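Structure provided below as structure tokens; questions to follow.
The values are calculated or read from the model by the stated rules, or taken from the named source; none is laboratory data. These numbers come from a predicted model, not from an experiment. With ideal geometry, Cβ positions are generated from the backbone for all residues, glycine too; neighbour counts draw on all protein chains shown. Ligands, DNA and RNA are excluded from the accessible area calculation, which covers all protein heavy atoms including side chains. Shrake-Rupley method; radii C 1.70, N 1.55, O 1.52, S 1.80 Å.
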Amino acid sequence: MEITSYIVTGPTASGKSDLAHKLARRIGGVIINCDSVQVYRGIETLSASPMAGNPDLDGVPYKLFSITDGDKPLSAGLWAQLARQEYDAAIRAGQPVVFVGGTGFYLKGLLDGMSPIPAVPMDARTATREFAEKNLPAAYEYLQEIDPTWADKISKNDRQRIVRGIEVFQSTGKPLSEWQSAPRVPIILDPITKILISPDRELLRQRIAERMPALAKSVLEEVGDILKKNWDAALPIMKADGIAEISRYLAGDISLEEAVDLWRIKICNHNMKHQYTWFRTNFHPDIVIDHIPTDTDIDTILNKGEPL
């Protein structure tokens, strides 16, 4: 018997976590995280993780949330392996899966598969980044030698992609372009219903603005604890929304109100725009919810998208 699973996604503040929880509870399902920030421990409030405050999860199993420390970054490839393991285990147990999150690369990996590139050690990433920062032309020239196929695809000024090509080669002994040409196996092989929550942007901007002041105060301890660790600024966790802004407040550079405003602007003017664009061009939902979800939407989802 085939088991239908679900993807619940949408932009920030759209209510996807709440809908995913209610859906999983209704169908006896397992929730698997598809948010690249919520995999980290110690920033549950900052990342709006359902793990924040140890809420009552109603017996719903949550997987791949808060599973690694910030100085042990989780690559997309490793996340894909873990997601496939959790997915297979749930399906074997007869439980549908509800994937929830808004990280586009993760969502694409669910459906199209990912290149099987091994994780690159952090020290190798740091050394390569420092090399590129000191002499980008030399870094690009080196990339042309070790992986001309990848070098020809990118700009000689694209530091991020140049670093990626070099670090993968030095860590694995194989060019990035060769890894990318390897067959990809989608994580999801059984029936899947893709749900996109896409309310009006102005409504989401209002919801974000209303919750930001209280959220900023509640994350001061989380961000302070992270800063005490003196982690490498290149670590993914250090780029999580809110950390740079709250860090400036804790350093005494700006007021908390200014930090909140900068954080809000970043989310609404940059991140949200990127999210809507990605969903429009890369995600092809079976069901679109154009409002903040309610319990009635669960019935609509289970009725194959047709209102009862």
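Only Cα pairs under 8 Å and at least 6 apart count here; give the relative contact order of the chain as a rounded whole percent.
Details: 450 pairs, mean separation 79.8, N = 308.
Relative contact order, the chain: 26 percent.
Additional query: Net charge near residue 75: determine it from the other residues with C-beta under 13 Å of the C-beta of residue 75, scoring Lys and Arg +1 and Asp and Glu -1. Intermediate values should be presented prior to the final figure.
Details: positive: 72, 125, 164; negative: 167.
Net charge in that neighbourhood comes out at +2.
Please label the shape of the stretch 227-266 as rounded, prolate or oblate, based on the square roots a ≥ b ≥ c of the eigenvalues of the alpha-carbon gyration tensor (a/c under 1.5 means rounded; beyond that, a/b larger than b/c means prolate, else oblate).
Oblate, since a/c reaches 1.5 and b/c is not below a/b.
Something else: Specify whether the C-alpha gyration tensor of the stretch 251-308 places it in the rounded, prolate or oblate class, a ≥ b ≥ c being the square roots of the eigenvalues: rounded for a/c under 1.5, otherwise prolate if a/b is larger than b/c and oblate if not.
oblate
Next question. By how many nm would the segment from residue 78 to residue 302 grow when fully extended, if each residue of separation counts as 0.36 nm and the alpha-carbon distance is taken off?
So the extension gain works out to 77.5 nm.
Any idea which of 38, 27, 64 is furthest toward the positive side of the dipole for the stretch 22-69, if Lys and Arg beta-carbons carry +1 and Asp and Glu beta-carbons -1?
Most positive-ward Cα: 27.
Using amide H atoms built in the peptide plane, which far-off residues or other-chain residues are under 5 Å from residue 6 H to H?
97, 98, 99, 193
Rounded to the nearest Å, what's the spacing between the alpha carbon centres of the stretch 81-121 and the stretch 161-191? Just the number, please.
16 Å
Going highest first, how would you order 221-234, 30-43, 165-178 by mean Cβ packing within 10 Å?
Per-residue Cβ counts within 10 Å, averaged per peptide and sorted highest first, yield 30-43, 165-178, 221-234.
Taking the Cα centre as origin and putting +1 on Lys and Arg beta-carbons and -1 on Asp and Glu beta-carbons, what dipole magnitude results for the stretch 246-304, to the nearest 20 debye? Each step should come with its number before you reach the end.
On the way: 6 positive and 9 negative charges, 66 e Å.
Computed charge dipole of the stretch 246-304: roughly 320 debye.
Which value, in Å² rounded to 10, gives the accessible area of residue 284 with a 1.4 Å probe and all protein chains present?
120 Å²
Note the full-extension length gain between residue 152 and residue 185 as 0.36 nm times their separation in residues minus their Cα-Cα distance, in nm to one decimal. Please list the in-between numbers first.
On the way: separation 33, 0.36 × 33 = 11.88 nm, distance 2.63 nm.
Going from the current span to full extension adds 9.3 nm.
Right, something else. How high is the FRET efficiency between residue 58 and residue 172 when r is their beta carbon distance and R₀ equals 45 Å, given to the nearest 0.05?
Using R0 = 45 Å, I get an efficiency of 0.60.
Per DSSP H run of at least 4 residues, take -39500 (n - 2.57); add these up for the chain, divide by its residues and hand me the 222 nm value, nearest 500 deg cm²/dmol.
Calculated mean residue ellipticity at 222 nm is -15000 deg cm²/dmol.
Turning to a different aspect of this structure: Report, to the nearest whole %, how much of the accessible area of the chain belongs to carbon and sulfur atoms, 1.4 Å probe, protein only.
With neighbouring chains kept in place, the figure for the chain is 49 percent.
Another question, then. Using unit Cβ charges (K, R positive; D, E negative) and no other charged atoms, how large, in debye to the nearest 20, is the dipole of the chain about its Cα centre?
Working: 35 positive and 41 negative charges, 72 e Å.
With Lys and Arg at +1 and Asp and Glu at -1, about 340 debye.
What whole-number value in Å² describes the accessible area per residue of the stretch 59-195 for a 1.4 Å probe? Mind dumping the intermediate values first?
Details: 6720 Å² over 137 residues.
I get 49 Å² per residue for the stretch 59-195.
Relative to the present Cα-Cα distance, how much length would full extension add between residue 69 and residue 123 at 0.36 nm per residue of separation?
Here the answer is 17.8 nm.
A further question on this structure: Let me know the shape class of the stretch 161-308, please: from the alpha-carbon gyration tensor, a ≥ b ≥ c as square roots of the eigenvalues, rounded when a/c is under 1.5, otherwise prolate if a/b is greater than b/c, or oblate.
Details: a/c = 2.48, a/b = 1.08, b/c = 2.29.
Oblate, because a/c is 1.5 or more while a/b does not exceed b/c.
Ordered by residue, what ³J(HN,Hα) values in Hz, to whole numbers, does the stretch 134-149 give under the Karplus form 6.51 cos²θ - 1.76 cosθ + 1.60, where θ = phi - 60° and Gly and Pro are x?
6, 8, 5, x, 5, 5, 5, 4, 5, 4, 4, 6, 8, 8, x, 4
Let me ask something additional. Do me a favour and compute the ellipsoid semi-axes for the chain from its Cα gyration tensor, root of five times each eigenvalue, largest one first, whole Å.
Numbers: eigenvalues 213, 142, 64 Å².
Value: 33, 27, 18 Å, ordered largest first.
Assuming R0 = 22 Å, what is the FRET efficiency of residue 247 and residue 277, from their Cβ-Cβ distance, to the nearest 0.05? Let's see the in-between values first.
Numbers: r = 28 Å, r/R0 = 1.27.
It comes out at approximately 0.20.
Between 172, 144, 185, whose Cα lies farthest towards the positive end of the dipole of the stretch 132-208 when Lys and Arg beta carbons carry +1 and Asp and Glu beta carbons carry -1, centred on the Cα centre?
Farthest towards the positive pole: 185.
Once label points are set 7 Å from the Cα along Cα→Cβ at both residue 266 and residue 229, what is their separation, rounded to one decimal in nm?
Spacing of the two 7 Å Cα→Cβ label points: 1.7 nm.
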